[in-house]
Amino acid sequence: GRSLGMQVQAISRSGTNNLTGSVYGFFRDDSLNAKDFIANRVLPYANQQIGGALGGPIIQDRLHYFLSYERENEPNTILTTPPALPAQSFSFDTKTVQNSFLGRADWQMKPQDHLTVRASYWDWSNPFTQVSGTEHPSQAADRSRKAINVVGTWSKVLSSTMLQEVRVGYTHFDWQNQLAIPALASTPNYVFPSLTVGQRRNYPQEFFQDTVSARYDLNWTVGTHDMKVGAEVTGKRR
């Protein structure tokens, strides 16, 4: 039925009384690549990932923060060889960009009250993609993705055996598939055996979803027994 079969917990870092941080980078380049078998040349490729994290106190022993950020750039080359066009190949530059951000704050309001607020943001985009190795490049798409998550958790110790938790969250997700070549939007598609020339006719596409949720849990320990009761309300907009 509706019983829980699996539970996954993701715990983000929280700041401490010491100001600490880190910076990192990861890089790849086509100077170390071999020639492509079909194009008979080294195709342009690069990948750069940079990021960092910072955490520390706002109020010693009571209020702390943690922040992290990562960006990835991946220039690449799309190479297509449609079987309906023997001995012909097409190559186009493309670039994928991603940004990821995480922020968290922890506030020990009173010895029995703790408040945590976490927020994350992620976006992904590529202006020329979604073309397989056998499709005509006019089928390419301009794609983007975005996700936003915010959650606040208030924990209160009611007694030595009882703990309550209130959690409120908001989630937003949207993706878009646009025409990579807007000038072809008003032109017809030319369909041949094993080949279609022109933009995809089911574009543009857009989907989004907003979700707001609130949850209350009460944990109670009696001797060797643990009991938990609560309720959750969720609302969605699409």
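The values are calculated or read from the model by the stated rules, or taken from the named source; none is laboratory data. Quick caveat: nothing in here was measured; it's all calculated off a predicted structure. Ideal geometry is used to build each Cβ from the backbone, glycine not excepted, and the neighbour counts take in all protein chains shown. In case anyone asks, the SASA skips ligands and DNA or RNA and just uses the protein heavy atoms, side chains included. Shrake-Rupley method; radii C 1.70, N 1.55, O 1.52, S 1.80 Å.
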Among (1) of a type in the set (A, V, I, L, M); (2) out of contact with any Pro (no Cβ under 8 Å at 6 or more places or on another chain); (3) within 30 Å of Thr81 (Cβ to Cβ); (4) surrounded by 12 or more Cβ atoms within 10 Å (Cβ to Cβ), Ala214 falls short only on (3)
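Please work out if Leu85 is of a type in the set (A, V, I, L, M), assigned to a loop (DSSP other than H, G, I, E, B) and open to solvent by 40 Å² or more (accessible area, probe 1.4 Å).
Judged against the criteria, Leu85 is a match.
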For the stretch 106-125, give me each residue that is more than 30 Å from Asn177 (Cβ to Cβ) and open to solvent by less than 40 Å² (accessible area, probe 1.4 Å). Asp106, Asp113, Thr116
Is there a residue being open to solvent by 30 Å² or more (accessible area, probe 1.4 Å) and at pLDDT 90 or above anywhere in the stretch 40-47? no
Would you call Leu79 in a strand (DSSP E or B) and either among the hydroxyl-bearing types (Ser, Thr, Tyr) or under 22 Å from Thr211 (Cβ atoms) (or both)? no
Of the residues Thr153, Thr196, Thr221, which is closer than 30 Å to Pro111 by Cβ, open to solvent by less than 50 Å² (accessible area, probe 1.4 Å) and of a type outside the set (Gly, Ala, Ser)? Thr153
Tell me which residues, restricted to the stretch 205-238, are part of a strand (DSSP E or B), more than 29 Å from Asp123 (Cα to Cα) and not aliphatic (A, V, I, L, M). Tyr216, Asp217, Asn219, Trp220, Thr221, His225, Asp226, Lys228, Gly230
